Amino acid sequence: MRFSVEGEPPPGNFWDFVAERVAAHSFRDIDDTLDEYSIGWVSVANMFDSDFAYGSYAAGDYVVLSMRIDERKVSSAVLKKYVLKEEERVRAERQVPKLSRSVRLEIKERVRTELVRKAPPIPVVYDLCWNLANSTLLFFSTSKKAMVLLEELFRDTFDMSIVLQIPWNTALHLLDEDRAARLDDVRPAILM
């Protein structure tokens with residue numbers, strides 16, 4: 001997907017700005033924590049390199065990064081199974097025919113927390129290439145969820161926004177003024 005980058009970086013050395021902002025928003029591993037979600041920047045060459053030891057995001061007039069998302073998930077079927085199992089155990093232990101709503105909710109939350117803690121985080125990595133010369137960004141995914149996350153992370157990182165480029169906007173950007181003015185006369189055609 002193609003985006004245009006809206007906004008200007010602060011005055012001064014651009015690469016120092018990028019280094020500072022990418023380091024501040026680099027990916028934090030959640031393998032040894034109880035966190036359920038983590039998002040941040042990693043090197044395109046290695047999804048485990050969030051330190052950018054050699055400035056691997058700088059490639060000529062381009063900033064090349066990968067957005068990594070780790071998330072711990074428990075399927076609803078697995079959660080339901082273990083919740084029912086635990087409810088049955090508690091009912092037998094207390095010798096009651098039915099549990100109250102508050103007890104069932106407490107059991108569900110406790111079981112969900114246990115299962116999430118045991119689940120390994122699932123990593124997903126999306127690459128991007130930011131062309132500094134013409135302020136465009138190529139994002140190598142068509143996932144709507146990933147694009148929304150990219151827009152938020154990019155804005156938080158660089159204090160600039162990105163706008164999805166539809167073919168109309170791309171044509172306006174590529175054509176001269178005379179040809180761009182003729183785009184207003186373009187109408188859809190019915191092909192049979």
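Cβ-Cβ distances below 7 Å connect the following pairs, each with a first residue in the stretch 164-191 that is assigned by TED's automatic domain parsing to the domain that holds PHE139 and assigned to a loop (DSSP other than H, G, I, E, B), a second residue that is hydrophobic (A, V, I, L, M, F, W, C) and surrounded by 11 or more Cβ atoms within 10 Å (Cβ to Cβ), and a separation of six or more residues or different chains: GLN165/PHE3. The single condition from (1) surrounded by 15 or more Cβ atoms within 10 Å (Cβ to Cβ); (2) over 19 Å from TYR62 (Cβ atoms); (3) modelled with pLDDT of 90 or more that LEU99 fails is (3). Only residues that are surrounded by fewer than 18 Cβ atoms within 10 Å (Cβ to Cβ) and outside any loop (DSSP other than H, G, I, E, B) were counted in the stretch 26-42, giving 1.
If you go through the stretch 1-16 and keep only what is free of Cβ contacts under 8 Å to residues at least 40 places away in the same chain and outside any loop (DSSP other than H, G, I, E, B), you end up with just ASP16.
Scanning the stretch 29-79 for residues that are touching an Asp or Glu at 6+ places or on another chain (Cβ under 9 Å) and more than 17 Å from ASP127 (Cα to Cα) turns up ASP29, ILE30, ASP31, ASP35, GLU36, TYR37, GLU71, ARG72, LYS73. Would you mind stating whether ALA146 is part of a helix (DSSP H, G or I), of a type in the set (Gly, Ala, Ser) and under 30 Å from MET1 (Cα atoms)? Judged against the criteria, ALA146 is a match.
The residues on offer are TYR37, TYR54, TYR62, and the sole one that is at pLDDT 90 or above and over 20 Å from the mean Cα position of the chain (by Cα) is TYR62. For the stretch 19-34, the set of residues classified as over 15 Å from the mean Cα position of the chain (by Cα) and in contact (Cβ under 8 Å) with a residue 60 or more places away in the chain consists of ARG21, ALA24, ILE30, ASP31, LEU34, listed by residue number. Summed over the stretch 11-38, residues that are touching a helix residue (DSSP H, G or I) at 6+ places or on another chain (Cβ under 6 Å) and not charged (D, E, K, R) total 2. Apart from one condition, ASN131 fits all of (1) assigned by TED's automatic domain parsing to the domain that holds SER66; (2) more than 34 Å from the chain's Cα centre (by Cα); the exception is (2). The residues in the stretch 144-171 that are surrounded by 13 or more Cβ atoms within 10 Å (Cβ to Cβ) and at pLDDT below 80 can be counted, and the count is 3. As a summary of the residue check, SER66 satisfies the conditions (1) outside the structural domain of PRO9 (by TED's automatic domain parsing); (2) not in a loop (DSSP other than H, G, I, E, B) except for the one numbered (1). For the stretch 72-128, how many residues are in a loop (DSSP other than H, G, I, E, B), touching a helix residue (DSSP H, G or I) at 6+ places or on another chain (Cβ under 8 Å), among the hydrophobic types (A, V, I, L, M, F, W, C) and in contact (Cβ under 8 Å) with a residue 40 or more places away in the chain? Of the residues in that region, 1 qualify.
The values are calculated or read from the model by the stated rules, or taken from the named source; none is laboratory data. Being a predicted model, the structure only gives us computed values, none of them experimental. In this analysis, Cβ positions are derived from the backbone assuming ideal geometry, glycine residues included, and neighbour counts consider all displayed protein chains.
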